[in-house]
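Structure record follows, encoded as structure tokens.
The values are calculated or read from the model by the stated rules, or taken from the named source; none is laboratory data. Note that this is a predicted model, so its numbers are computed, not measured. For neighbour counting, all protein chains shown are included, and Cβ atoms are generated from backbone atoms with ideal geometry for every residue, glycine included. These area figures cover heavy atoms from the full protein model, side chains too; ligands, DNA and RNA do not enter into them. Shrake-Rupley method; radii C 1.70, N 1.55, O 1.52, S 1.80 Å.
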Amino acid sequence: LEVRDFGPNNSSPVDYPDYIRPAALAVAGGECEGGIVFGGSGNGEAMVANKVHGIRCALCWNVETARLAREHNDSNVLSLGQRMISEELALEIVKVWLVTRFEGGRHVRRVAEIE
């Protein structure tokens, strides 16, 4: 996979919307196929991403939520809370989210309703 890093490039506290919004805009604009955003809880990051038209950002905390976010909601951005889950679990969530495809069917209408 080709990765585009939107920062920040250090561990100093930042205003996360300054980084999440450009990442979400890149996904919505077709520059990136999908996005993964990180924060302390992942909540604020998901909220910022979901303000961008065309984004369906899912806050996931286990493998099942990641799988369902893709299968049922066609999630195009994944949000993770680094203070909420272990690095090992985060990597498993990312793997599942990346390989799972949208199921379609009855979910197509629902995703359209989100838009």
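Summary of computed values
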| quantity | calculated |
| --- | --- |
| Of residues in the stretch 80-95 being in a helix (DSSP H, G or I) and in contact (Cβ under 8 Å) with a residue 12 or more places away in the chain, the one least open to solvent (accessible area, probe 1.4 Å) | Ile93 |
| Candidate set: the stretch 6-26, residues that are touching a residue at least 12 places away in the same chain (Cβ under 8 Å) and assigned to a loop (DSSP other than H, G, I, E, B); chosen: the one most open to solvent (accessible area, probe 1.4 Å) | Tyr16 |
| Residues of the stretch 59-79 satisfying the condition of being closer than 13 Å to Leu98 by Cβ and either under 8 Å from the mean Cα position of the chain (by Cα) or outside any helix (DSSP H, G or I) (or both) | Cys60, Ser75, Asn76, Val77, Leu78 |
| Count of residues meeting criterion [open to solvent by 50 Å² or more (accessible area, probe 1.4 Å) and in a loop (DSSP other than H, G, I, E, B)] in the stretch 31-45 | 2 |
| Of the criteria (1) open to solvent by 10 Å² or more (accessible area, probe 1.4 Å); (2) free of Cβ contacts under 8 Å to residues at least 24 places away in the same chain; (3) not in a loop (DSSP other than H, G, I, E, B), which one Val48 fails | (2) |
